[in-house]
Amino acid sequence: MLQWSVIAVVVSFAAGYVTWTMLPLPRRQQLLDLLAARGVLQKAAARHRARLATPGCGNCPAAPPRIHPTLPSKR
């Protein structure tokens with residue numbers, strides 16, 4: 001019985017992760033805003049909104065360069 005419970009939890013988390021990754025970005029923000037309005041995941045909603053406000057995506061050339069703040073630049 002315990003084994004079935006553990007498997008059910010793992011499958012539920014996996015299904016949630018797949019559903020989350022398949023959602024379009026605006027829908028994710030709507031869901032995060034809904035949860036933030038109820039006092040849950042407020043920081044995650046703010047981080048996601050800031051990521052949506054940056055031009056381009058993280059993998060395309062239009063994205064701003066990500067330089068670690070503690071590392072010196074190579075210029």
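Coordinate-derived values only; no laboratory data. Everything numeric here is computed off the predicted structure, so don't read it as measured data. Glycine gets a Cβ as well: all are built from the backbone with ideal geometry, and neighbour counts include every protein chain shown.
Can you compute the modelled spin-label distance between R28 and S5, with each label point 7 Å from Cα toward Cβ, in nm?
Taking the two extended label points, one gets 3.3 nm.
Ranking request for peptides 16-29, 38-51: highest mean number of other beta-carbon atoms within 10 Å first, then the rest in descending order.
Highest-to-lowest ranking by the protection proxy: 38-51, 16-29.
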